[in-house]
1. Label the range 310-375 by shape, choosing from rounded, prolate and oblate, from the square roots a ≥ b ≥ c of the eigenvalues of the Cα gyration tensor; if a/c is under 1.5 it is rounded, and otherwise prolate applies when a/b is larger than b/c, oblate when it is not.
2. Taking only Cα atoms, what is the 0 to 90° angle, nearest 10, from helix 544-553's long axis to the longest principal axis of the chain?
3. Between 0 and 90 degrees, rounded to the nearest ten: what's the tilt of helix 20-33 against the longest Cα principal axis of the chain?
4. Of Val574, Met556, Ala542, which is farthest towards the positive pole of the range 463-574's charge dipole, taken about the Cα centre with +1 and -1 on the beta-carbons of Lys, Arg and Asp, Glu respectively?
5. How long are the three semi-axes of the equivalent ellipsoid of the range 368-417, in whole Å, if each is the root of 5 times an eigenvalue of the C-alpha gyration tensor, listed from largest down?
6. May I ask you to list the chymotrypsin sites (Phe, Trp or Tyr not before Pro) in the range 196-299 that are in a DSSP loop and have at most 11 other Cβ atoms within 10 Å of their Cβ?
7. Between 0 and 90 degrees, rounded to the nearest ten: what's the tilt of helix 395-406 against the longest Cα principal axis of the chain?
8. Once the dipole of the chain is set up with Lys and Arg at +1 and Asp and Glu at -1 on Cβ about the Cα centre, which of Met296, Ile18, Ile387 lies farthest towards its positive end?
Amino acid sequence: MRIENEQLKNFIKDSEMIAEKDLELSFDFAQKEKKNLGDVLLEKKLIDEERLRKLYAYILGIPFVDLQKETIPSDILQLIPEPIAKKYKIIAFEKSGKELKIAMLNPEDIQTIDFIRKKTGLKIITCITSEESMEAILRQYGKSLKAEFGDIIDKNSSEAISQTQESEDDLEEIAQGLPIIRIVDTLIKHAILQSASDIHIEPDEKEVRVRYRIDGILHEAMTLPIQVKNGIIARIKVLSNLKLDEHRVPQDGRFKLEKDGTKMSFRVSVLPIFDGEKVVMRLLDESSKGLTLEAMGLTGKALEIIHQEIRKPNGMILVTGPTGSGKTTTLYTIMDILNVSDVNISTVEDPVEYRMPKINQTQIQPKVGLTFAAGLRALLRQDPDIIMVGEIRDNETMEMAIQAAMTGHLVLSTLHTNSAAGTLPRLLDMGAEPFLVASTANVIIAQRLVRKVCQDCKAEYKLTEKELKVLEKNYAMSKILEVIKKNGILGNIIKPKDKWEDIKLYKAKGCEQCMEGYHGRNGIFEVLEIDEEIRQMISQRASAHDLETKARERGMLTMVEDGFVKCIQGITTVEEILRVTKE
């Protein structure tokens with residue numbers, strides 16, 4: 001707060017709150033150490049925090065409020081989202097007509113007040129409060145999910161546990177009961193509001209933990225009483241059309257919700273664990289517009305290669321990376337580009353993630369013999385032009401995919417390898433003939449997903465010598481910079497003589513618009529084009545290292561290099577590149 005030490009000293013002196021000698025000593029110390037006088041007085045316990053805050057309020061002409069024993073209605077509390085409230089120490093506590101009263105520790109934070117004014121459309125009246133008041137109200141956020149249920153958990157938990165028996169009829173009755181329906185609906189609603197990709201419901205010995213995966217990272221949402229465990233799981237099973245009385249084996253299902261023009265599809269997995277059954281729900285937004293390769297993070301030469309290769313009538317396009325790296329999204333995006341009326345596109349998937357119009361999608365069913373290989377064999381009799389195989393998992397599927405690519409089909413598929421070049425030896429290890437791989441593979445795309453740094457609060461910085469040494473333990477930093485300069489990707493940002501210490505990078509800070517300084521995700525890629533030289537090397541069983549060296553000579557950027565390009569462009573941070581590429 002911009003209250004000068006001299007001004008505060010004079011007010012305290014006039015009020016005679018503190019002995020003059022102590023005040024002068026504290027003032028001299030604050031001036032010398034360039035500290036706030038108020039902070040020094042608090043450290044020396046010469047004044048309590050509430051009295052100091054009241055003094056600040058008096059000097060600034062702003063009301064002081066004590067909210068320690070207040071319970072704020074959930075609808076008013078939620079006008080300011082929890083991440084903003086916690087980061088900027090600001091809460092809404094009273095609404096009257098078009099006026100909203102907010103309490104904060106720093107009433108001169110005009111930027112945050114302005115954001116709340118725009119977000120709520122209300123006239124903002126600012127008040128000062130104490131740290132204790134702030135902490136008491138912030139704790140109410142933890143209860144806000146529960147508060148939104150209108151105490152239905154507390155009121156009905158004893159009833160729910162007394163009703164819950166192991167018979168299917170009782171479970172069905174509980175699942176259809178209003179309290180349980182409202183609990184599940186609210187959990188789903190909050191997940192959608194926070195743009196979560198997954199909901200984890202995990203029963204423990206004494207409680208049920210709910211977590212949301214947001215931008216690839218799991219966050220605690222809330223804990224529920226153990227009494228509602230059976231009811232919640234039964235409700236989700238009813239929605240997903242699963243067996244209510246089956247608790248010993250895993251079950252998979254799906255359901256859809258449509259609300260306010262948003263179509264959400266939920267893929268549900270129920271797994272027996274020691275304390276009951278764990279449920280994971282994958283959220284898929286079916287109303288969202290199709291992605292483009294550019295929006296996913298593909299640029300420059302890599303983007304040109306992919307657009308060129310997907311237009312070929314036959315061959316294989318393989319996307320590789322670990323689970324959760326966005327492989328399926330890349331394939332769906334490519335299919336969306338190719339999905340025109342004069343081609344027949346068919347898929348074999350496990351599971352079918354998104355429903356796509358005009359595409360024939362087959363869900364594999366291993367129990368009845370419909371495996372990837374069997375599905376692919378059947379597809380070849382369906383006169384397809386383009387085939388998407390969810391994953392090449394075994395020798396038989398791999399052979400069928402290569403045969404399909406050789407006989408005039410464009411085959412899209414995924415594989416679990418760490419790099420683009422590592423995919424080709426992996427196919428040979430699975431038993432593929434080198435000359436067949438060489439003649440059918442068109443392009444290999446390796447990828448990872450990084451969180452995008454929030455554009456509203458990202459902070460510029462430059463690497464120090466110490467930070468650079470730490471990075472050099474994992475990456476050849478000078479070589480990465482040399483490659484970036486040589487490719488001329490960032491010609492307008494990097495000068496020829498620039499070193500890493502001269503280049504602006506960005507750090508995640510965190511603000512009202514984001515989650516921990518990040519908002520959304522972007523891909524980092526390496527795109528290996530299979531040209532004549534690479535084909536010859538594959539035929540001669542060249543190693544992944546040799547293939548990568550040759551591809552880099554011909555202009556391929558590795559994922560790490562692409563990642564650092566995106567760091568310099570201000571799309572992501574060095575910490576994110578380390579998180580997803582460090583092996």
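1. Values: a/c = 1.65, a/b = 1.24, b/c = 1.33.
Because a/c hits 1.5 or more and a/b fails to exceed b/c, the range 310-375 counts as oblate.
2. 80 degrees
3. Tilt of helix 20-33: around 30 degrees.
4. Looking along the dipole axis, the top candidate is Val574.
5. Values: eigenvalues 49, 37, 16 Å².
Each semi-axis is the square root of five times an eigenvalue, giving 16, 14, 9 Å.
6. On the way: sites: Tyr212, Phe255, Phe266, Phe274; in loops: Phe274.
Sites meeting the loop and neighbour criteria: Phe274.
7. Approximately 70 degrees, to the nearest 10.
8. Positive-most Cα among the choices belongs to Met296.
The values are calculated or read from the model by the stated rules, or taken from the named source; none is laboratory data. Note that the structure is predicted; figures quoted are calculated from it, not measured. For neighbour counting, all protein chains shown are included, and Cβ atoms are generated from backbone atoms with ideal geometry for every residue, glycine included. Quick note on the areas: whole protein, heavy atoms, side chains included, nothing else; ligands and nucleic acids left out. Shrake-Rupley method; radii C 1.70, N 1.55, O 1.52, S 1.80 Å.
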